[in-house]
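Structure first, commentary second.
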Amino acid sequence: MWLASWMNFNLKIEMDILEKLTEVFKEFPGIGERQARRFVYFLMSRSLEYAENLSSSILDLKKEVSQCKECFRFFIGKNDKNICEICSDPNADSSILMVVEKDSDLESVKKSKVYHGKYFILGGLVPIVEKNTKSFVRINELLERIRKDKNLKEIVLAFSLNPQGDHTDFYIRSQLKEACKIQDIRISSLGRGLSTGTELEYSDNETIKNALKNRQ
Ligand SMILES: [Zn+2]
């Protein structure tokens, strides 16, 4: 009898750890239940040393990463002002500001080497059915940034071409309209060089170049 309950107890612990870790991986972008489970089984098959390396790398990442106070991107390194190398680059064109959803979008545009202005990371897209939109994106921070920036001549909205991206474009335009009118700033959106359904993150250099050239 006690053996059965002891085995049950052990089985429960095992299930809890499996479930717990699966839930953690499910929070990763683009990862569903099945993939999350595959990650957990993969980790089970690896050595203790592998797991130790992985967990210490994650902790090191958290210790070494900073978030830029101006564009909100994450970067490796620390400095007194907490400003990233793009925002502090004197050669970057400060008359143009590109607003993107997330860090990986910024990296794609940066890698394409066709844009030399500044960036702002919105931190998400605005869900289509949502009343409290402000809690999803950094709209107040963006407005603050625009108000402070006297050199700004143009804001480029660069969201993925899908319904949520379009909705965010519309929402941000309506929120910025007043401030941009007062400061005489043009608002444009990435052009149709991107085809419908395109994720900015996965676009190649040529596509980004065309989209930027055809911005409207
Ligand atoms: Zn920055």
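Values quoted throughout were computed directly from the atomic coordinates according to the rules given, and no laboratory measurement underlies them. In this text, all values refer to a predicted model and were calculated from it rather than measured experimentally. Ideal geometry is used to build each Cβ from the backbone, glycine not excepted, and the neighbour counts take in all protein chains shown.
The table below lists the values:
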read-out: Residues in segment 102-123 reached by a label modelled at Val65 [backbone nitrogen below 12 Å; 7 Å Cα→Cβ]; value: 103-104
read-out: Convex hull of segment 139-188 built on C-alpha atoms - directionally averaged projected area, nm²; value: 3.3
read-out: Segment 24-115: C-alpha gyration tensor shape, a/c 1.5 cut-off, then a/b vs b/c; value: prolate
read-out: Efficiency of FRET from Cβ geometry, Val24 and Asn91, R₀ 45 Å, rounded to 0.05; value: 0.65
read-out: Interatomic Cα distance distribution for the chain, bins of 5 angstrom, percent; value: 1, 6, 11, 14, 15, 14, 11, 9, 6, 4, 3, 2, 1, 1, 0, 0
read-out: Filtered GluC sites (Glu not before Pro), segment 32-71: DSSP coil and at most 15 other beta carbons within 10 Å; value: none
read-out: Cross-link partners of Lys150 among lysines (Cα-Cα below 21 Å; sequence separation of 8 or more within a chain); value: Lys69, Lys81, Lys118, Lys177, Lys181
read-out: Amide proton proximity set for Met98, modelled H, under 5 Å, gap of 5+; value: Lys118, Tyr119, Phe120, Val156
read-out: Nearest-0.05 FRET efficiency for Phe74 and Lys148, computed from C-beta distance (R0 25 Å); value: 0.70
read-out: With Cα atoms, 0 to 90° folded angle of helix 163-183 axis to the chain main axis; value: 40
